[in-house]
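The values are calculated or read from the model by the stated rules, or taken from the named source; none is laboratory data. All of these numbers come straight from a predicted model, not from anything done at the bench. Here the Cβ is made from the backbone with ideal geometry for all residues, glycine too, and neighbour counts use every protein chain on show. Side chains included, ligands, DNA and RNA excluded: accessible areas come from the protein's heavy atoms. Shrake-Rupley method; radii C 1.70, N 1.55, O 1.52, S 1.80 Å.
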Amino acid sequence: VFRRLSGPVFAEPKLTMLDPRGEVTTRAVKEIMPVEINDLFEGDQLILLGQYQGDAPLRFKINGNYLGSPRSFEFKFNVDSATTRNSYVPRLWASRKIAYLIDQIRQMGADRTQFAANDARVKELVDEIVRLSTKFGILTEYTAFLATEGDMAMQGLPRRGYYRLEAEKEVRDKAAGIRSGAGAVSQE
């Protein structure tokens, strides 16, 4: 515990992807979660999730301040070793992506005078939450209506329109609406 409290062992980490020639690339992996990497303390693990493209081996480089000195580490991931044994990883990525999107909405709702459910940014975030929820079968308190959708009348709307309206209502009432108390802690 004392070692952990003495400070991070790897501060201000920055991740870059490298192509096979060692050049920085943004095409090898998309939508890496978490978006920002926190400082690492003694005993921490760094778990990064993303969607790789292509079949070339992936190379990562992480730079930061290691025990007071600038340092970089490189590592390689061979995509040929991917198997169905790891089929849970896409759902794990999607659940973290959904949590990130919900947090973005919560941050917009922090100032209730500027938050509007019909804001194009909110609609885009809600659409993505619904898309990921339906594609990966992930239910959140904002998309729980998807589990009972077969029993509910869709109010004469196309399925996608109904999903958006229900998700926007849940996000407005919960993620952006509850700003204090136990409910806000639960939302976080």
Item to check | Projected label distance in nm at GLN53 and VAL24, using a 7 Å step from Cα toward the beta-carbon | outcome: 1.8
Checklist outcome for this item: Computed for region 8-96: size of charge dipole around the Cα centre, +1 on C-beta of each Lys and Arg, -1 on C-beta of each Asp and Glu, debye to nearest 20, value 240
Item to check | Within region 56-96, backbone nitrogen closer than 18 Å to the virtual label 7 Å beyond the Cα of PHE41 toward Cβ | outcome: 65-68
Checklist entry - region 54-112: which chymotrypsin sites (Phe, Trp or Tyr not before Pro) are DSSP loop and have at most 10 other beta-carbon atoms within 10 angstrom? => result TYR88
Checklist outcome for this item: Partner lysines whose C-alpha sits under 23 Å from that of LYS30, ignoring same-chain residues fewer than 8 away, are LYS14, LYS61, LYS76, LYS97, LYS123, LYS135
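Given a 1.4 Å probe and heavy atoms of the protein chains only, how would you sort TYR142, TYR52, largest accessible area at the top?
Values: TYR142 10, TYR52 95 Å².
Sorted descending by solvent-accessible area, the residues read TYR52, TYR142.
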Next on the checklist: Given a 1.4 angstrom probe, what's the average accessible area per residue across region 10-58, in square angstrom?
Outcome noted: 67
Next on the checklist: How would region 1-101 be classified by its alpha-carbon gyration tensor: rounded, prolate or oblate, with rounded meaning a/c under 1.5 and the a/b versus b/c comparison settling the rest?
Outcome noted: oblate
Checklist entry - Share of region 1-139's accessible area from carbon and sulfur, percent, 1.4 Å? => result 50
